[in-house]
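Step one of this worksheet: look at the structure below.
The values are calculated or read from the model by the stated rules, or taken from the named source; none is laboratory data. Computed from a prediction, not measured in an experiment: that's the story for all the values here. Counting neighbours? That spans all protein chains shown, and the Cβs are built from the backbone with ideal geometry, glycine included. Each accessible area value is taken on the protein alone, full model and side chains, heavy atoms only, with ligands, DNA and RNA left out. Shrake-Rupley method; radii C 1.70, N 1.55, O 1.52, S 1.80 Å.
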Amino acid sequence: MHEMSIAASLIGIVKEEMAKHGATRLLMVRVRYGRLTNIVPEALQMGFEATSMEAGLQGARLELVEVPLTVACGGCGNEFTPEHDDIVYMPCPKCGREFAHEVLTGRELFVDHIEAE
Ligand SMILES: [Zn+2]
């Protein structure tokens, strides 16, 4: 379960931002995570709850937004979202090519928005 360490680094980023703006109470954090990060939202929620409590930021809401996986076909350049999350086998709907696609989105993990006062 890597969600606990992810939660810890998220809280680290949030604390830095809050310090910059002189905020002391955290209300909400929005995090965007890609399909390929293998994050389990429930586990990250739990990790966030525990970590924010430890950091004295209890009561903050974590909003998770999933970024879908999109790839560009290595053969024809067609951009598509694979039907399944199988990164190894994802045939291009246009030309049928099954491999060597370029991943465009789906690997990201970042703090998108922080609400604090
Ligand atoms: Zn193609």
Exercise for review: Give the angle, between 0 and 90 degrees and rounded to the nearest 10, that separates the Cα long axis of helix 41-54 from the longest principal axis of the Cα atoms of the chain.
Suggested key: 20 degrees
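With every protein chain kept in place and ligands, DNA and RNA left out, what is the accessible area per residue of segment 40-117? Probe 1.4 Å, answer in Å². Walk me through the numbers before you get to the answer.
Working: 4870 Å² over 78 residues.
Computed with neighbouring chains in place, this is 62 Å² per residue.
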Review point. Under 5 Å between amide H atoms, partner at least 5 residues away or on a different chain: which partners does Asp112 have, H built in plane at 1.01 Å?
Key: Arg30, Val31, Arg32
Check your understanding: If you take every DSSP beta bridge whose two residues both sit in the chain, what share of them, in percent to the nearest 5, is antiparallel?
Key -> 65 percent
Study note, to complete from the structure: In nm², the average projected area of the convex hull spanned by the Cα atoms of segment 1-45 is 3.4 nm²
Study note, to complete from the structure: Averaged over all viewing directions, the convex hull of the alpha carbons in the chain casts a projected area in nm² of 7.8 nm²
Review point. With all protein chains present, how much of the accessible area of segment 3-116 (probe radius 1.4 Å) comes from carbon and sulfur, to the nearest whole percent?
Key: 51 percent
Check your understanding: If you place +1 on the Cβ of every Lys and Arg and -1 on the Cβ of every Asp and Glu, how big does the dipole about the Cα centre of the chain come out, in debye to the nearest 20?
Key -> 200 debye
Revision key, fill the gap. Listed by chain and number, the residues whose amide H is under 5 Å from that of Glu79, excluding neighbours fewer than 5 places away on the same chain and using placed H, are Cys73
